[in-house]
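Novice: Quick one: this structure, given as C-alpha cells, is what I'll be asking you about.
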Amino acid sequence: MSDPVIYPSAALGANATLDPNVYVGYPTGRRIAERALVVGEGATLRTGTVLYEGSRIGTGLQTGHNVVVREESVLGDGVQVWSNSVIDYGCRIGSHVKIHANCYVAQFTVLEDDVFFAPGVSVANDIHPDCAFSGECMRGPYIERGVQVGVNVTLLPYIRIGAYSVIGSGAVVTEDVPPYSVVVGNPGRVVRRRDELVCSTGITDRPYPEDARYAHSAR
C-alpha cells in the first residue's frame, strides 16, 4: 500500500485521519471554474477514498473503503459515506447525511440535511440516456430533509421527495412524493403517512415518535 496523496489543490482541515491509498484533491479531466478542494477538520478517510478537486466538504467527513466524491460537489458537516459508494459531480449534500454501502448518487442530485440512504440505493439523472441533448437536461432528484431511503431503491430524475418520507426497500420512485409519506413498490406508490407506521418488533409503539411535532403542519 502507498501513503496517502494530498494534491496541491487540496486544503485539508486539522485532525484528519487518512489511511494508505487515499487521494485528496485528485485531478479531474473536466473543465471546472474552481479547482481548490476544501475539506473541513476531523475527516476520517479510509483506504481507497478518492476526493476530487473542486469540491467543498464540511467538518467530520467519514468514508468507508473505496469511496469517490467527484468535483464541483458541496457536502455539509458530519456526512458519512460508506464503502464502494460514489457521489458524482455537481451534487449538493446537506449536513448529517448518511449514505450506506454500494450507493450511487448521480450528477446534479440534491440531498438536504439528515437524509439516509440504505445499501444499494441508485439515483438516476438522465431521462433519455445517450440522447444528443442529455448533458443539457441532466438533473437528479431533489431529496428533502430527513427522508429515509431503503435498500436497493431506485430514484428517477427530476422527482422531488418530500421531507421525512420513508421509501420502502426495492421501490422505484418515478413521481413526486408528498412530505411524511411511506412509499413502496414499482412504480412507487404512497401507502400511508409516516406517523401511521407501527413498530413490528414490539420494541416501541412508533418507529418515528418525533412525527407528532410535524403532523399538524403536514396535513
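The values are calculated or read from the model by the stated rules, or taken from the named source; none is laboratory data. Remember, it's a predicted structure, so these values are computed and weren't measured experimentally. As a convention, Cβ positions derive from the backbone with ideal geometry for all residues, glycine included, and neighbour counts pool all protein chains shown.
Novice: Can we say N66 is closer than 24 Å to P119 by Cβ and at pLDDT 95 or above? Even if it seems obvious, please write down each step before you answer.
Specialist: Working: closer than 24 Å to P119 by Cβ: yes; at pLDDT 95 or above: yes.
So N66 fits the description; yes.
Novice: Residue under question is H100, and the condition is that it be of a type outside the set (V, I, T) and surrounded by fewer than 18 Cβ atoms within 10 Å (Cβ to Cβ); does it hold?
Specialist: Values: of a type outside the set (V, I, T): yes; surrounded by fewer than 18 Cβ atoms within 10 Å (Cβ to Cβ): no.
It is false that H100 is of a type outside the set (V, I, T) and surrounded by fewer than 18 Cβ atoms within 10 Å (Cβ to Cβ).
Novice: Taking interchain pairs and intrachain pairs at least six residues apart, which have beta carbon atoms under 9 angstrom, with the first residue in the range 24-35 and closer than 21 Å to T63 by Cβ and the second loosely packed, with under 13 Cβ neighbours inside 10 Å?
Specialist: G25/P8
Novice: Under the condition of being assigned to a loop (DSSP other than H, G, I, E, B) and of a type in the set (A, V, I, L, M, F, W, C), which residue from the range 20-35 is farthest from the chain's Cα centre (by Cα)?
Specialist: Applying the first criterion (assigned to a loop (DSSP other than H, G, I, E, B)) to the range 20-35 yields 20-22, 27-35.
Now drop any that are not of a type in the set (A, V, I, L, M, F, W, C), which leaves 22, 32-33.
Values: V22: 20, I32: 22, A33: 23 Å.
So, considering only residues that are assigned to a loop (DSSP other than H, G, I, E, B) and of a type in the set (A, V, I, L, M, F, W, C), the one farthest from the chain's Cα centre (by Cα) is A33.
Novice: A further question follows. Can you name the condition, by its number, that G48 falls short on among (1) among the small types (G, A, S); (2) modelled with pLDDT of 95 or more; (3) part of a loop (DSSP other than H, G, I, E, B); (4) more than 17 Å from D88 (Cα to Cα)?
Specialist: (4)
Novice: With the requirement that a residue be in a loop (DSSP other than H, G, I, E, B), at pLDDT below 95 and farther than 14 Å from T109 by Cβ, what does the range 128-145 give you?
Specialist: H128, P129, D130, C131, A132, F133
Novice: All but one of (1) touching a Leu at 6+ places or on another chain (Cβ under 9 Å); (2) surrounded by fewer than 21 Cβ atoms within 10 Å (Cβ to Cβ) hold for V105, so report the exception by its number.
Specialist: Result: V105 passes all but (2).
Novice: Something else: Take the range 6-57 and flag every residue that is under 17 Å from I87 (Cβ atoms) and hydrophobic (A, V, I, L, M, F, W, C).
Specialist: Let us first name the residues in the range 6-57 that are under 17 Å from I87 (Cβ atoms), namely 10, 22-26, 28, 30, 32, 37-40, 43-46, 48-57.
Scanning the range 6-57 gives A10, V22, V24, I32, L37, V38, V39, A43, L45, V50, L51, I57.
Novice: Please verify whether the range 37-44 includes one or more residues that are of a type outside the set (F, W, Y), part of a strand (DSSP E or B), surrounded by fewer than 15 Cβ atoms within 10 Å (Cβ to Cβ) and in contact with a strand residue (DSSP E or B) (Cβ under 9 Å, 6 or more places away or on another chain). Let's see the steps before the verdict.
Specialist: Step one: filter the range 37-44 for residues of a type outside the set (F, W, Y), giving 37-44.
Imposing the further condition that a residue be part of a strand (DSSP E or B) reduces the set to 37-39, 44.
Those left that are additionally surrounded by fewer than 15 Cβ atoms within 10 Å (Cβ to Cβ): none.
No.
Novice: Out of S181, S165, report the one residue that is over 17 Å from the mean Cα position of the chain (by Cα) and surrounded by 19 or more Cβ atoms within 10 Å (Cβ to Cβ). Even if it seems obvious, please write down each step before you answer.
Specialist: On the way: S165 fails: over 17 Å from the mean Cα position of the chain (by Cα).
Sole residue among the options that is over 17 Å from the mean Cα position of the chain (by Cα) and surrounded by 19 or more Cβ atoms within 10 Å (Cβ to Cβ): S181.
Novice: A follow-up question, please. From the residues in the range 109-148 that are small (G, A, S) and surrounded by 16 or more Cβ atoms within 10 Å (Cβ to Cβ), which one is nearest to Y89 (Cα to Cα)?
Specialist: Residues of the range 109-148 that are small (G, A, S), as a first pass: 118, 120, 122, 124, 132, 134-135, 140, 146.
Remaining after also requiring surrounded by 16 or more Cβ atoms within 10 Å (Cβ to Cβ): 118, 120, 122, 124, 140, 146.
Values: A118: 21, G120: 19, S122: 15, A124: 13, G140: 11, G146: 22 Å.
Across the range 109-148, the extreme among qualifying residues is G140.
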